[in-house]
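Undergrad: Dropping the structure in here first, questions after.
None of the figures in this text is laboratory data; all of them are computed from the coordinates on show. Everything numeric in this text was worked out from a predicted model, so none of it was measured. Cβ placement follows ideal geometry from the backbone for every residue including glycine, while neighbour counts extend to all protein chains displayed.
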Amino acid sequence: MHFNKMISGAVVSFIALLQSSAAMAEGSIDQTVNEAFALATGWFVNLIFAPLPGTSFPWIVLWLVTGATIFTLYFGFIQFRAIRHSISLVKGDYSDPDDAGEVSHFQALATALSGTVGLGNIAGVAVAVSIGGPGATFWMILAGLMGMASKFTECTLGVKYRNEYADGTVSGGPMYYISKGFKEKGLPGGGFLAILFSIFCILGAFGGGNMFQANQAHAQISSIVGDYPGWITGIIFAVIVFAVIVGGIKSIANVTEKVVPFMGVLYVAASVIIILMNADKIGWAFGQIFEGAFTGLGVAGGFVGALIQGFKRAAFSNEAGVGSAAIAHSAVRTKEPITEGLVSLLEPFIDTVVICTMTALVIIITGQLTTDPATGLYLIGENGRIITADGSSGVALTSAAFGSALSWFPYVLAVAVVLFAFSTMISWSYYGLKAWTYLFGEGKTTELVFKVLFCLFVVIGAAANLGPVIDFSDAAIFAMAVVNIIGLYFLMSLVKVDLNSYLSRLKSGEIQKFKD
Amino acid sequence: MSTKLIVGLDGSEPGERALTHAKHLSKLIGDCTIELVYIIEWSPYSFQTPEENAMRHKRREQEIKLASERVITPALETLKSEGYIASGRVLHGDAAELLNKVAVKEKAQQIIVARSTETGIAAKLFGSVTAKLVMSASVPVTVVN
């Protein structure tokens, strides 16, 4: 009864929001809604993104990087020690042929990657290098490498403490490992943290994993075909998302899931081609990256400015420590949860160290960032950003960089942005759903309520210019990391026991490859 | 030592013809075991949504149950009632690769599959499986028309 009331209350508020967003789409921007929302949630956003005293460094970024560094040290640089074994696991060398037909390590990795590879890799990196200069790339790579240890820890726990139901389906993620793990260790507060995580996860799924994506996809489409009301994009997207997550139309999801990796490969291939076309500048570009990393080369805030941008972008892009990937990876049925952790550590590597670096290199090497010929330092505009060749920033900057070498690529990029946004939505609809069912229980009706709400948010996100709502949902995603990393600190000793056992059995030959 | 024949079944009429041929050979050979193999095409390198991943184990069980109930079990019952020695299995993976693998593992003398005469995607798939099997198999392959 209480639940029904809550749902009807929620639906009424969403209709109100929808109406307000429709009003905005018509051009009469509903300032009141924005302002009311900003007033109610602003404190939370400010708290999450608050800078450390006396700096412009958001504490949440330091929180993620500190976590990543602690996990890296605690597990003895597992990301470097085990990367060859990780690749072997993804190739299926250690997969039991009798388990054929179950989710493979490759599939779990690909699914998790399609949730993280997206706008962060294309637009976010452009922002990072235009504010922090080429040096930001160095810090971004470093943060990506460290983040691999965070992913390893959370994904191992995701598989270890997931729920398996009688009908064979599984549910896993930080809410499960925090509540079960804390109980196992006799620690108090696990239930509370798990609920807190679930709330942030639902908000993050509606916001960063949905509205932000729909909003940016619309922006990208309208930049190509001309301006038109956002609700049109929103309804088209919502119908497709509805068909996939409610209607179970597998074919759409299958097409996306196949096209997205192809787009990812195409993106990297195009980057490599452009880099090779400018082969004579490769040495110079790396010189700029290293020099900028420690001197800033004139960017606002000097090398600290470069460091902040690099760290921030890596953390925002690969979601290491956020806990979302732990939900995706927990579907793998394996007798050794460690193996899933080892596979997942490839994710920040592919997302940040490979894809983000490619974006940065293309922007640098195609000369999008303007320098003063006399001093060699970057020219800074009034907004504190480096002046770019055509004055663009974000996706437009990346698009201009690729377009300067391959004139047709901006169109491919537009398709890629839309597809990445769509696949991120599908992934986050699942992450949100798992948090939702953790709070309200498993069941067809409860699931349907969430899925319908999710589709409504697609329309709102595409139609409205809800800046404060998007700020809030971004803050919610990073609030997930606050709860998750606290949980990981308390539970990492459990992972270490499993890791040591696994590695010793691997060394002794007890665990062997199945393929010849 | 008993001779072993591997028969690839897919629940279609051409598959039945492969089985008929295997029975004929079995009679001629005498001491012979027929191993029925039903393969559900599956790749560990395909792409799936998180929800599909979470449902995968359940789906796999259903697929195996369905294939056993509809194809393998009835075929085995008929074979046994007719006096043949037979066994069967349902596997997930690449059909050509797995048929060969089973044949090698079971030390079989021959693999018998059908060449589909039907049109459409299923026929196309079955046809390409046959071609791949003929080219890569480690034991003799008979393709029944």
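Undergrad: How much net charge surrounds B:His57 when only the other residues with a Cβ under 15 Å from the Cβ of B:His57 are counted, with Lys and Arg +1 and Asp and Glu -1? The partial results should precede the final answer.
TA: On the way: positive: A:Arg162, A:Arg333, A:Lys335, B:Arg56, B:Lys58, B:Arg59, B:Arg60, B:Lys65; negative: A:Asp96, A:Asp98, A:Asp99, A:Glu102, A:Glu164, A:Asp167, A:Glu340, B:Glu51, B:Glu52, B:Glu61, B:Glu63.
Here the charged neighbours net out to -3.
Undergrad: Also, quick follow-up: So if I take the alpha carbon set of the range A:218-257, get Rg, then get Rh from the Kirkwood formula, what is the Rg over Rh ratio? Walk me through the intermediate numbers first.
TA: Details: Rg = 12.1 Å, Rh = 11.1 Å.
Rg/Rh for the range A:218-257 comes to 1.09.
Undergrad: OK, next. Sum -39500 (n - 2.57) across every DSSP H segment of at least 4 residues in chain A, then divide by the residue count to get the 222 nm mean residue ellipticity, nearest 500. Don't jump to the answer; show the numbers that get you there.
TA: Numbers: 22 runs with 362 residues, N = 516.
That calculation yields -23500 deg cm²/dmol at 222 nm.
Undergrad: Taking amide hydrogens as modeled 1.01 Å from N in the peptide plane, which residues meet the under 5 Å criterion relative to B:Cys32, leaving out close sequence neighbours?
TA: So B:Cys32 has HN proximity to B:Thr3.
Undergrad: Compute the distance from the alpha-carbon center of the range A:416-493 to that of the range A:152-228, in whole Å.
TA: 6 Å
Undergrad: Which lysines, on any chain, are close to B:Lys27 with Cα under 23 Å apart, when same-chain ones fewer than 8 places away are left out?
TA: B:Lys4, B:Lys80, B:Lys107
Undergrad: Excluding same-chain residues fewer than 8 positions from A:Lys451, which aspartates and glutamates have a Cα within less than 19 Å of its Cα?
TA: Within reach: A:Glu442, B:Glu51, B:Glu52.
Undergrad: Before anything else, pin down the relative contact order of chain A: Cα pairs under 8 Å, at least 6 apart, normalised by residue count, whole percent. Walk me through the numbers on the way to the answer.
TA: Details: 851 pairs, mean separation 173.4, N = 516.
Contact order relative to length: 34 percent.
Undergrad: Take the Cα gyration tensor of the range A:318-363, multiply each eigenvalue by 5, square-root it, and list the three semi-axes largest first, rounded to whole angstrom. Show your work: numbers first, answer last.
TA: Details: eigenvalues 138, 23, 9 Å².
Its equivalent ellipsoid spans semi-axes of 26, 11, 7 Å.
Undergrad: Let me know the Kirkwood hydrodynamic radius for chain A, please, with Cα pairs as the basis and the value in Å to one decimal.
TA: Numbers: mean 1/r = 0.0426 Å⁻¹.
By the Kirkwood definition, the hydrodynamic radius is 23.5 Å.
Undergrad: In bins 5 Å wide, starting from 0, what share of all Cα pairs of the range B:1-65 does each bin hold, as a percent?
TA: Histogramming the range B:1-65 at 5 Å steps yields 4, 14, 18, 15, 12, 11, 10, 8, 5, 3, 0 percent.
Undergrad: What is the sum of charges, Lys and Arg at +1 and Asp and Glu at -1, for the other residues whose Cβ falls under 11 Å from the Cβ of A:Val103? Display every interim value, and only then the final one.
TA: Details: positive: A:Arg333, B:Arg56, B:Arg59, B:Arg60; negative: A:Asp99, A:Glu102, A:Glu340, B:Glu52.
Once all neighbours under 11 Å are counted, the net charge is 0.
Undergrad: Charges at C-beta only: +1 for Lys and Arg, -1 for Asp and Glu. How large is the resulting dipole of chain B about its Cα centre, in Debye rounded to 20?
TA: Working: 18 positive and 17 negative charges, 53 e Å.
Charge dipole of chain B: 260 debye, to the nearest 20.
Undergrad: Next question. Mind listing the long-range amide H neighbours of B:Ile40? Cut-off is under 5 Å, sequence gap 5 or more, other chains count too, H placed in the peptide plane at 1.01 Å from N.
TA: When sequence neighbours closer than 5 places are left aside, the close amide H contacts are B:Leu91, B:His92, B:Gly93.
Undergrad: So what is the 222 nm mean residue ellipticity for chain B from helices alone, if each DSSP H run of at least 4 adds -39500 (n - 2.57) and you divide by all residues, rounding to the nearest 500 deg cm²/dmol? Please list the in-between numbers first.
TA: Working: 5 runs with 71 residues, N = 145.
Helices in chain B give a 222 nm mean residue ellipticity of -16000 deg cm²/dmol.
Undergrad: Related question: Given +1 on the Cβ of Lys and Arg, -1 on the Cβ of Asp and Glu, and no further charges, what dipole in debye does chain A carry about its Cα centre, rounded to the nearest 20? Display every interim value, and only then the final one.
TA: On the way: 26 positive and 31 negative charges, 186 e Å.
Once rounded to the nearest 20, the dipole reads 900 debye.
Undergrad: Here is a further query. Running a GNM on chain B with Cα contacts under 10 Å, which residue among B:Ala95, B:Ala54, B:Ala67 ends up with the highest mean-square fluctuation?
TA: B:Ala54
Undergrad: Another question, if that's okay. So if the hydrodynamic radius of the range B:3-144 is defined as the Kirkwood radius over C-alpha pairs, what does Stokes-Einstein give as its diffusion coefficient at 25 °C and 0.890 mPa s, in µm² per second? Present the calculation step by step, with values, prior to reporting the outcome.
TA: Numbers: Rh = 15.6 Å.
Rounded, D is 157 µm²/s.
Undergrad: Give the whole-number value, in cubic angstrom per residue, of the convex hull volume spanned by the C-alpha atoms of the range A:205-317.
TA: Numbers: hull volume 19.0 nm³, N = 113.
Dividing the Cα hull volume of the range A:205-317 by its residue count gives 169 Å³.
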